Amino acid sequence: GSGADNDLYINQAIVFIEDAIQYRSINHRVDSQSLWLYRWYYSKTCQWILSLTITVILALAFIEEPSSLTVTSDVRYRLPAWNPPCGLTESIELLCFLVFVVDVAVKSYLIGWKEFWKNKWLMAYILTLIVSLTDWIVSLSFFCKESVRIRRILRPFFLLQNSSMMKKTLKSINSTLPEMASVLLLLAVHLCLFTMFAMLLFARTKDNQQDKEWVVYFRNLPDSLTSLLVLLTTANNPDVMIPAYSKNRAYSIFFILFTVLGNLFLMNLLTAIIYNQFRGYLLKSVQSSLFRRRLGIRAAFEVLSSLKETPASAQQSCVSVGALLQVLQRVEMDSRCKQAIMRSLKMCSCDQLSAAQFQKLFEELDKDAIKQHPPSPEYQSHFMQKMQFTFGHPYFGYLGNVVALANIISICVVLVIDADKQPSERDDFFLGAINCFFILYYLLEMLLKILAMGLKRYLSYPSNRFDGLLTVILLILEIATFAVYGFPHPGWRPELMGLLSLWDMVRLVNMFIVFRFLRIIPNMKFMALVVTTLLDLVKNLRAFAGILVVVFYAFAITGIMLFKGAVVPLGNTSFNFLIQTFSIKKVVVLYFKEKKVISWCSAHFQAEVIYCLLYILSVHLICRWAKIYFVAWWLISSVIWVNLFVALLLENFIHKWDRRCHRESLSDIEYQRTVELMFRDVLEEPTEEELMEKLHQHPHLQLCR
């Protein structure tokens, strides 16, 4: 009947608007049961369960063999790692796989089989599950004793496919690769040419004492290429040039030219190209997100215009205000946007909305999220008004910054004076008394600010919440110190009581005081701009951090599989025994016998030199195969990903800088931006024809016009 049809249209409009809010595709089933299943799938509870499942399956690598959660990573001192019994982690893994099977089944059903075959991500999802389940069965058949588990490398895919923004980012990276390849090819040519020059410059001579550069770094083509590749990362600078520089200072020109051309020109050129190209592809991705939002809103308008009570119009379709209000009451969206749209509807004098008016209402979704701070309390007493003016003035905050700086300086002075003293000679009276004085001031400052601003307004500022939280923590620590060790007095060095000694308590208090000094950042304009840029990256660019987790996880699992057990403790084994056992080549023996290597091992490992030498030896023995792994890691993480991060950092910083230059700073308003809003000023609005053409191509929605 007409009532059932109206309910279906209302539910369709609700789902389409929610799709528009989340930038989701509307190409899914739109019958009553599918809409209920769709809203259930995208509910907070269901998505939370899916996110928890992904977290659990990724976290299994921390307890599976050969990984461990021991305190130290030193193989000589750590205790044997806990190995879970066979079937424990596999059972947890199976539960996660079952959740993923339900996830892919629901997704496949909702989009329909016709759309399923076009969706490469879903097909890859199913293939990953099939391979993982097969490997899981193989693992159980070997009683968990197999050395290679393919499914562990595939786990990051579950995180990747669950985020639409991560997919877009990966697509943008993939589109940027051809431009990156041109610069990487130029970098490879630069590396190869200088490798040939190096082999000619540092060729072997008759004097073995003058051949140290050839022996250690440029003995053959692979070693020469590796030495210069590492120099490109500056990891072996200046060690790689020391033997040649000791022989003749003129050799430094070769290394200077290589570093200047490689690091200063080519690497920065790569950053510029990645910034330019990736920004363009990300802009296209955000443009498609805007199109999805406009399409979802237009789809909601079209289905609402099909309601039976809507008056027929031959000229144009329209939607009643009452129907839209009914939809808005059931839509899950930000309360700020919902209230703003409802206010606009109540102020509207007409009963029917055209397509343009309907779309304009939902432009509220594209606006900055503005957070206004609550008003200060109004006191009747003249004395309280004076107090409010004095302690609410910015100069009172500046005074607090000066006091915090004085606290930091006093801590530094005491630490410098006591740096060389033995713990038994140290007197904690001065530091304890200083901390007590300043913490009391911080408490008084917080209470006076609350008095002047009111509790709600005080807590509405992030800087005040940060300051107040640390003040409360410092007060609790100080009270606990006094309760356990008494009040400060000359010669204040009591014995250990409880979990922490007096010195540990004082150090903990001082660390919080130093951390509290970050409160000065909001008062410094340019520093605040940098910090807010970084915070926006953390909040809004989680997709990029997710891909970084995927890369780290995949390489970590691969590294565990490749280099498991490569370094083992040898106890008191002598160096001569090591030489005889492994039949080390003369070049490696010469390298090990260098005093600088022995001294470096002693200084950095602070243990047996033999352990360090074994580590260096293991690198030399496996480097021919390990080079591929580590070069791939360097290219993906350092060259490509770090440059992508720099590009996004620049884009966010430039965007904020432009906004700061064109907008006056308002003390009571905070603007919160998302990735889509960063590019809002340069995006193009889709036309009416484009929207309608796309709607008519919907596989499950039949429009009346």
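Over 33 Å from the mean Cα position of the chain (by Cα) and without any contact (Cβ under 8 Å) to a residue 24 or more places away in the chain, is that true of Glu146?
Here the answer is yes, as Glu146 does meet what is asked.
Looking at the structure I just gave you, is Asn248 within 33 Å of the chain's Cα centre (by Cα) and open to solvent by 60 Å² or more (accessible area, probe 1.4 Å)?
Considered against the rule, which asks whether it is within 33 Å of the chain's Cα centre (by Cα) and open to solvent by 60 Å² or more (accessible area, probe 1.4 Å), Asn248 comes out as no.
Residue pairs, Cβ under 6 Å, 6 or more apart or interchain, first in segment 192-205 and among the charged types (D, E, K, R) and part of a loop (DSSP other than H, G, I, E, B), second open to solvent by less than 80 Å² (accessible area, probe 1.4 Å) and at pLDDT below 85. List them.
The qualifying pairs are Arg204/Asp211; Arg204/Trp214.
State whether the residues of segment 245-262 include one that is touching a Lys or Arg at 6+ places or on another chain (Cβ under 7 Å) and in contact (Cβ under 8 Å) with a residue 12 or more places away in the chain.
No, every residue in segment 245-262 fails to be touching a Lys or Arg at 6+ places or on another chain (Cβ under 7 Å) and in contact (Cβ under 8 Å) with a residue 12 or more places away in the chain.
Criterion first (without any contact (Cβ under 8 Å) to a residue 12 or more places away in the chain, among the aliphatic types (A, V, I, L, M) and in a helix (DSSP H, G or I)) does Val286 satisfy it?
no
Provide a single number: the residues in segment 368-405 that are closer than 19 Å to Leu443 by Cβ and free of Cβ contacts under 8 Å to residues at least 24 places away in the same chain.
Qualifying residue count, segment 368-405: 2.
Taking into account only those residues within segment 112-126 that are without any contact (Cβ under 8 Å) to a residue 12 or more places away in the chain and of a type in the set (A, V, I, L, M, F, W, C), which is surrounded by the most Cβ atoms within 10 Å (Cβ to Cβ)? Reasoning before the result, please.
So the first thing to find is which residues in segment 112-126 are without any contact (Cβ under 8 Å) to a residue 12 or more places away in the chain, and the list is 113, 116-120, 123.
Next cut, of a type in the set (A, V, I, L, M, F, W, C) only: 113, 116-117, 123.
Numbers: Trp113: 9, Phe116: 16, Trp117: 10, Met123: 14.
Per the stated criteria, the residue is Phe116.
Hey, among the residues in segment 471-521 that are closer than 17 Å to Cys412 by Cα and not hydrophobic (A, V, I, L, M, F, W, C), which one's modelled with the lowest pLDDT?
Among those residues, the one meeting the criterion is Asp504.
Being surrounded by 13 or more Cβ atoms within 10 Å (Cβ to Cβ) and either outside the structural domain of Leu459 (by the TED database) or of a type in the set (Asp, Glu) (or both) is true for just one of Ser376, Ser349. Which residue is that?
Ser376
For residues in segment 215-237 being without any contact (Cβ under 8 Å) to a residue 40 or more places away in the chain and open to solvent by 60 Å² or more (accessible area, probe 1.4 Å), which is farthest from Thr259 (Cα to Cα)?
Per the criteria, the residue is Leu221.
Here is a list: Glu146, Glu90. Which entry is of a type in the set (Asp, Glu), open to solvent by less than 60 Å² (accessible area, probe 1.4 Å), in a helix (DSSP H, G or I) and not assigned by the TED database to the domain that holds Gly546?
So the residue among Glu146, Glu90 that is of a type in the set (Asp, Glu), open to solvent by less than 60 Å² (accessible area, probe 1.4 Å), in a helix (DSSP H, G or I) and not assigned by the TED database to the domain that holds Gly546 is Glu90.
Please name all residue pairs, on different chains or six or more residues apart, with Cβ atoms under 9 Å, provided the first residue is in segment 63-84 and is under 18 Å from Phe563 (Cα atoms) and at pLDDT 70 or above and the second residue is part of a loop (DSSP other than H, G, I, E, B) and of a type in the set (Asp, Glu).
Qualifying pairs under 9 Å: Ala81/Glu65.
Given segment 213-270, what helices (runs of 4 or more DSSP H) lie entirely inside it while holding 3 or more residues that are within 23 Å of Ala188 (Cβ to Cβ)?
221-232, 252-259
The values are calculated or read from the model by the stated rules, or taken from the named source; none is laboratory data. Treat the numbers as computed from the prediction; the structure is a model and nothing was measured. Note: ideal-geometry Cβ built from the backbone for every residue, glycine included; neighbour counts use all protein chains shown. In case anyone asks, the SASA skips ligands and DNA or RNA and just uses the protein heavy atoms, side chains included. Shrake-Rupley method; radii C 1.70, N 1.55, O 1.52, S 1.80 Å.
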